[in-house]
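Read the figures in this text as sums done on the coordinates, not as results from a lab. If you're wondering where the values come from, they're calculated on a predicted model, not measured in any experiment. Using ideal geometry, Cβ is built from the backbone for each residue, glycine included, and neighbour counts are taken over all protein chains shown.
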Amino acid sequence: ATPTALMVGVGRGGQLGILIKGPDALEASGVIDTVVLDKTGTLTTGAMTATGIHALGEASPTALLRHAAAVEEQSEHPLARAIVKRAAQDEVEWARAVDVTAIPGRGAVGRVEDQEVLIGNAALLEERGMDVPAEALARVEAAANLAATAVLVAVAGQCLGVITVTDALKDSAPGAIARLKKMGLHTVLLTGDRQAAADVVGGLVGVDEVIAEVLPTQKASVIERLQAEGRRVAMVGDGINDAAALASANLGLAVVSGTDVALKSADIILVRRNLNVIPDAIALARRTLRTIR
Ligand code: ADP
Ligand code: MG
């Protein structure tokens, strides 16, 4: 291969908002046949809004938000940021939580005013031996059907209620996926979110395959499984929970809002919010490789 043509390709990428770390990354992009996309923050804006506060039984919406915000202010998950923002907007005051631990793919736990607070999905509460009330489960179902996320809040072993968080699809997502498919690429949505919510988003953006309910630690194994099936995989993520998957893929592409971890494990950094930058990058790589051959 001629290094000069590859360097020209890298330079051209820079002009398009495609930061290619080196000639190897460009060469890998040219032979990709599968594109795996993270959902939250990649296909969606990641700018989530806590739209519904549903307190159960005697609990008040204020108590729900107060406990939730205390724990979530120590988490950098997009769901956590949405909940803290809503509590601040509603002028709810909260105490400082202690011993906060994130549980990847599940939620977080901490202590607020000497009571244990669990915040996250139904699996988190169930794993800790708690019953999830039918009304809460109904909220979870309803949210999933709207591609929203229902976050459960439990204090001292009691489920106080559910906070519904909605996340908008990026306008450019369906068009960019359609272009990838036209280029002959197999498109896969990979998420830790529930199957029903993932299927709704998958249908809206038009991906070929949806792989849901994957814990952050398992995302890299999914990439490796696809590779074992003979696929050459590009992974597109924002880096919150997917740095390992970005590193495992034949090609890791990080969208710009990503964390430093993602930026380090990515081969290509996409500095445009518009997802058409993904087919642009692969088309550029293919053109560059054709020039060389
Ligand atoms: P994704 O793959 O879409 O980025 P994650 O793996 O980060 O999703 O999280 C999976 C699920 O775990 C979320 O949909 C949510 O139900 C729950 N979860 C994770 N972190 C939190 C948190 N800090 N607060 C509430 N729920 C959380
Ligand atoms: Mg994510």
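Taking a ≥ b ≥ c as the square roots of the eigenvalues of the Cα gyration tensor of the chain, is the shape rounded (a/c under 1.5), prolate (a/b larger than b/c) or oblate?
Working: a/c = 2.49, a/b = 2.25, b/c = 1.11.
Prolate is the answer for the chain, as a/c is 1.5 or above and a/b outweighs b/c.
Taking the DSSP beta bridges in the chain as the whole, what percent of them are antiparallel, to the nearest 5? All intermediate terms of the calculation are to be shown ahead of the outcome.
Details: 31 of 50 bridges.
Beta bridges within the chain, antiparallel portion: roughly 60 percent.
Taking the number of Cβ atoms within 10 Å of each Cβ as an exposure proxy, the fewest-first ranking of Thr2, Thr62, Thr191 is Thr2, Thr62, Thr191.
Since only Ser221, Thr291, Ala254 are under comparison, the one whose Cα sits farthest along the positive direction of the charge dipole of segment 156-293, derived from C-beta charges on Lys, Arg, Asp and Glu, is Thr291. In the chain, the longest principal axis of the Cα atoms and the axis of helix 78-89 are about 50 degrees apart. Across Gly13, Gly206, Gly129, mean-square fluctuation computed from a Gaussian network of the chain (C-alpha pairs under 10 Å connected) peaks at Gly129. Of the cross-linked pairs Lys181/Lys219; Lys85/Lys219; Lys219/Lys264; Lys85/Lys264, those separated by over 27 Å at the C-alpha level are Lys85/Lys219; Lys85/Lys264.
For segment 146-286, what does the alpha-carbon gyration tensor say about shape, rounded, prolate or oblate, given a ≥ b ≥ c as the root eigenvalues, a/c under 1.5 as rounded, and a/b over b/c as prolate? If you can, show how the numbers build up before the last one.
Values: a/c = 1.78, a/b = 1.57, b/c = 1.14.
Prolate is the answer for segment 146-286, as a/c is 1.5 or above and a/b outweighs b/c.
Basic side chains Lys and Arg get +1 at the Cβ, acidic Asp and Glu get -1 at the Cβ, and with that the dipole of the chain about its Cα centre reaches some 1620 debye. Mean sequence separation of contacting Cα pairs (under 8 Å, at least six apart), scaled by the length of segment 1-142, corresponds to a relative contact order of 14 percent. Helix 173-182 and the longest principal axis of the C-alpha atoms of the chain enclose an angle of approximately 40°.
Name the shape class, rounded, prolate or oblate, that the alpha-carbon gyration tensor gives for segment 49-166, where a ≥ b ≥ c are the square roots of its eigenvalues, rounded holds for a/c under 1.5, and otherwise prolate holds if a/b is larger than b/c and oblate otherwise. Because its axes are fairly even, with a/c under 1.5, segment 49-166 counts as rounded.
Fully extending the segment from Leu169 to Glu93, taken as 0.36 nm per residue of separation minus the present Cα-Cα distance, adds 24.2 nm. Relative to the longest principal axis of the Cα atoms of the chain, the long axis of helix 195-205 lies at roughly 40 degrees. Counting beta carbons within 10 Å around each of Ile282, Ile268 and listing the fewest first gives the order Ile282, Ile268.
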